[in-house]
Amino acid sequence: MAVIKTSERPLSPHLSIYRWPMPMIMSIAHRITGAALYFGTLLMAWWLIAAGSGPNAYGKMGAFIDSWFGRLILFGYTWALIHHMLGGIRHLIWDAGYGFDSTEREGLSLATLLGSIVLTVLLWVVGYLTMGGGR
């Protein structure tokens with residue numbers, strides 16, 4: 001049996017020198033946003049339970065959501081929802097057999113990221129303007 005010296009073994013590329021392709025980053029983000037949506041759904045369930053439990057419970061839920069932390073969670077939930085949706089559309093395009101060229105893959109991935117950010121900010125701006133702002 002041949003003995004291989006450690007100095008002769010090939011080295012794998014380390015994370016610091018390996019360039020992550022944009023589709024890989026968006027795939028990871030799609031999985032993370034899917035998990036975040038799970039926890040956001042628990043928040044929505046809390047809201048519905050509070051609404052059915054009476055004005056005292058609903059008031060406590062409203063106080064939490066009106067806090068800066070609650071708004072941050074809602075903003076993140078909105079972004080995760082839109083990002084996950086756009087990632088699903090990107091996968092639907094791929095399922096139809098389009099967008100497999102190298103530049104198309106990178107472009108669709110970048111469009112998913114930028115589109116989710118722009119649509120989230122736009123949705124919140126329209127929501128604030130329609131609902132009367134932060135009171």
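Averaging sequence separations of C-alpha pairs under 8 Å and six or more residues apart, then dividing by the length of the stretch 21-131, give the relative contact order as a whole percent.
On the way: 62 pairs, mean separation 39.2, N = 111.
This gives 35 percent for the stretch 21-131.
Based only on other Cβ atoms within 10 Å, what is the fewest-to-most ordering of M85, M44, M61? Display every interim value, and only then the final one.
On the way: M85 16, M44 11, M61 19.
The order, fewest Cβ neighbours first, is M44, M85, M61.
Identify which of the listed values of volume of the Cα convex hull per residue in Å³ was calculated from the structure shown: (i) 94; (ii) 116; (iii) 229.
Computing volume of the Cα convex hull per residue in Å³ and matching it to (i) 94; (ii) 116; (iii) 229 gives (iii).
I'd like the orientation of helix 22-53 relative to the chain: the angle between its Cα long axis and the longest Cα principal axis, in ° from 0 to 90, rounded to 10.
Approximately 20 degrees, to the nearest 10.
Give the angle, between 0 and 90 degrees and rounded to the nearest 10, that separates the Cα long axis of helix 68-95 from the longest principal axis of the Cα atoms of the chain.
50
So how much slack lies between L129 and Y58, counting 0.36 nm per residue of separation and subtracting their Cα-Cα distance, in nm? The partial results should precede the final answer.
Numbers: separation 71, 0.36 × 71 = 25.56 nm, distance 2.38 nm.
Full extension from L129 to Y58 adds 23.2 nm.
Among Y58, Y98, L72, whose Cα sits farthest toward the positive end of the charge dipole of the stretch 21-131 (+1 at Cβ of Lys/Arg, -1 at Cβ of Asp/Glu, about the Cα centre)?
Y58
Pick from L37, L92, L74: which residue has the top mean-square fluctuation in a GNM of the chain where Cα pairs under 10 Å get a spring?
Result: L92 has the largest fluctuation of those listed.
Write down the Å³ per residue value for the convex hull defined by the alpha carbon atoms of the stretch 55-134. Write out the running numbers ahead of the final one.
Working: hull volume 8.5 nm³, N = 80.
Given the Cα convex hull of the stretch 55-134, per-residue volume reads 106 Å³.
If you place +1 on the Cβ of every Lys and Arg, -1 on the Cβ of every Asp and Glu, and leave all else neutral, what size is the dipole of the chain about its Cα centre, to the nearest 20 Debye? Walk me through the numbers before you get to the answer.
Values: 9 positive and 6 negative charges, 73 e Å.
I would put it at about 360 debye.
None of the figures in this text is laboratory data; all of them are computed from the coordinates on show. If you're wondering where the values come from, they're calculated on a predicted model, not measured in any experiment. In this analysis, Cβ positions are derived from the backbone assuming ideal geometry, glycine residues included, and neighbour counts consider all displayed protein chains.
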